[in-house]
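The values are calculated or read from the model by the stated rules, or taken from the named source; none is laboratory data. Remember, it's a predicted structure, so these values are computed and weren't measured experimentally. When we count neighbours, we look across all protein chains shown, and the Cβ atoms used for this are built from the backbone with ideal geometry, even at glycine.
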């Protein structure tokens, strides 16, 4: 029975991933992955560009779409400082939106089906020990499945204030790196110096492997 439930869970997860891939590839949402198109469009919006950028970022992340491409676009369009600010605002609001969906809109249905899943139980245990630091650590690495984690946090006992603060602060290094990637990438592909582009790739690599070198606290 346990094995059958496990395969059923994997089946539902597979269907969800497949549906998301289809939506991303064969619907207007595929434009969210077209960096060149997004950069050109936002550059033509003038005064309204920051507001629309944050709005698109928020909605996309709330619905589960990855935000790394938009963060890169933010750097290319608004520069390093403002690109980081607008991307950080959009990613935090989007993370809160997905959290809200998990906690208030879909909580009962999901918990009824997956409440006893080992992944969710381990997440609750980790949050119970240190909710703020755990949220901070999860946000720090680009390898974290951001959209899924946003939703899963809503199924845990963490309070919204701790979640929001940990998300906002934890996303600063990664958002800054993605904005820098947008700035340096845009300059490089328009005949500028490529050295900053290589450097930011190095920074993203360090952020990816850094959690591997952090010692787990002794029990």
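Against the numbered list (1) modelled with pLDDT under 95; (2) in a helix (DSSP H, G or I); (3) crowded, with 17+ Cβ neighbours inside 10 Å, residue 65 comes up short only at (2).
Does residue 128 satisfy the criteria of being crowded, with 17+ Cβ neighbours inside 10 Å, assigned by TED's automatic domain parsing to the domain that holds residue 196, over 24 Å from residue 201 (Cα atoms) and modelled with pLDDT under 90?
no
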